[in-house]
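Notes to accompany the following structure.
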Amino acid sequence: MPDVRLVNVTKRYGRVIAVEGLNLHVRDGEYFVLLGPSGCGKTTTLRIIAGLTKPDEGRVYIDGRDVSGIPPEDRNIGLVFQHFEIFPFMTVYENVAYSLMIQGLDEEEIERRVYQALEVAGLNEVADRYPEELGAPELQRCSIARALAKGSRLLLLDEPLGSLDPETRERFRFTLRSLVKGRGLTAIHVTHDQEEAMAIADRIAVFRRGRVLQVGTPMELYERPASIFVANFVGETNFLEGVIERSGERSLVRLRGDLLIEAGGSNLRAGSRVVIGVRRENILLEEGKAEGLNALPGRVIRAAFLGKIIRYRVELDNGDLVEVKQPTRLGRFFGEGERVYLIFPAEKVLVYPYPEDLRYELALR
Ligand code: ATP
């Protein structure tokens, strides 16, 4: 079964560097997601693995074998795209059978493989229908069935849920993952949707501008984002500027206006400028002056009651703005203008060295 390794892969288009010095290892049987904003090199990476784009530098290994000289059709890869690339004049059965016919397999073998793939993809009942009679989810199942029928153990999926409506997209994530896991395939899936990535992946590589910033499980990326960009891109995070007073397993950070906050671990020297990151859902609003360091005073400037959660925008007494997403069951509703204290659990407050260009780090591109 296939694992995929990219070693020092670079691809340029004129002056644009689509991917640069890329090193990635996708393990056998893994559901791996390439996540990042538009134009960061995800599709280029997928095309390089498929053999559709030739890298300028570096090597790709599939199953331990250098595939540099091997054309796409001989890489035993199933490709699934956002736009299904289904032939409109062929039935579902014929679409799935097509590449097997090209391969010259005998009719019996083709029939066996196609029906098996249609069954796995949940399409048995529509085998004789034409694409125009089907909805987007069935069409996408059809392109998946086609990849399965070919016997590919490696699926490359480029925004495979992109053409589905939001509700179907959410359901289809699980269909796709269980299909891959149930058959012991390896999948590499491209998306710019962080929630989709979290829901479907064993591991995620976060891309930015042609480079991989971090690889980890959804939980690792959420709990320990290695950079401000990753903390911002994966989840909804507030960032505040400050200076380290004391570091160690817990650090103490002085924010603007001399507000003190206890934060997670850091080994930065006292006096270092930092940015702290706190996810919206990790902050609680309380009315009283709570004991301890981690209650910062402020005033609610926007409150939206959404049923199971309440969204707040709070202006801290130092003028910084903080967004909060609080489960309704965890406290009372605070209206606009009310004085509050924001409670930050220290272990959830991430500390980053102040970057060269904070605006660049915070841009979601
Ligand atoms: P998207 O989600 O928008 O497709 P992506 O992360 O998949 O984005 P790529 O499509 O890999 O990004 O593109 C990376 C960079 O390379 C972009 O700046 C893009 O404009 C450029 N690029 C990609 N393919 C080509 C090409 N064939 N010719 C010229 N430039 C290209």
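Starting from the stretch 220-239, keep only residues that are touching a residue at least 24 places away in the same chain (Cβ under 8 Å), then list their pairs with residues that are open to solvent by less than 30 Å² (accessible area, probe 1.4 Å) and among the charged types (D, E, K, R) whose Cβ atoms are within a distance under 7 Å, requiring at least 6 positions of separation or different chains.
That search, which allows pairs on different chains as well, returns F229/R208; G235/R279; E236/R279; T237/R279.
Just one of the numbered conditions (1) within 16 Å of the ligand (Cβ to nearest atom); (2) over 31 Å from the mean Cα position of the chain (by Cα) is not true of Q82; which one?
Q82 satisfies all of (1) within 16 Å of the ligand (Cβ to nearest atom); (2) over 31 Å from the mean Cα position of the chain (by Cα) except (2).
Is one or more of the residues making up the stretch 317-325 part of a strand (DSSP E or B) and more than 26 Å from E361 (Cβ to Cβ)?
Step one: list which residues in the stretch 317-325 are part of a strand (DSSP E or B), which gives 321-325.
Subsequent filtering for residues that are more than 26 Å from E361 (Cβ to Cβ) retains none.
Within the stretch 317-325, not a single residue is part of a strand (DSSP E or B) and more than 26 Å from E361 (Cβ to Cβ).
Yes/no per residue for (1) touching a residue at least 24 places away in the same chain (Cβ under 8 Å); (2) open to solvent by 30 Å² or more (accessible area, probe 1.4 Å):
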position: P37; (1), (2): yes, no
position: V60; (1), (2): yes, no
position: G64; (1), (2): yes, yes
position: M101; (1), (2): no, yes
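Regarding the stretch 236-243, can at least one residue be identified that is under 30 Å from the mean Cα position of the chain (by Cα) and farther than 19 Å from V322 by Cβ? Reasoning before the result, please.
First pass over the stretch 236-243, keeping only residues under 30 Å from the mean Cα position of the chain (by Cα): 236-242.
Those left that are additionally farther than 19 Å from V322 by Cβ: none.
No, because not a single residue in the stretch 236-243 is under 30 Å from the mean Cα position of the chain (by Cα) and farther than 19 Å from V322 by Cβ.
When the residues of the stretch 300-329 are narrowed to those that are touching a residue at least 24 places away in the same chain (Cβ under 8 Å) and over 18 Å from V278 (Cα atoms), which ends up surrounded by the most Cβ atoms within 10 Å (Cβ to Cβ)?
Result: A303.
This table checks each residue for (1) touching a Ser or Thr at 6+ places or on another chain (Cβ under 8 Å); (2) within 12 Å of the ligand (Cβ to nearest atom).
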| position | (1), (2) |
| --- | --- |
| E20 | yes, yes |
| H25 | no, no |
| F32 | yes, no |
| T44 | yes, yes |
| G58 | yes, no |
| Y61 | no, no |
| P72 | no, no |
| G78 | yes, no |
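The values are calculated or read from the model by the stated rules, or taken from the named source; none is laboratory data. Predicted model, so just to flag it, every value in this text is computed and none were measured. Reconstructed Cβ throughout: ideal geometry from the backbone, glycine too, with neighbour counts over all protein chains shown. With ligands, DNA and RNA removed, areas are computed over all heavy atoms of the protein, side chains included. Shrake-Rupley method; radii C 1.70, N 1.55, O 1.52, S 1.80 Å.
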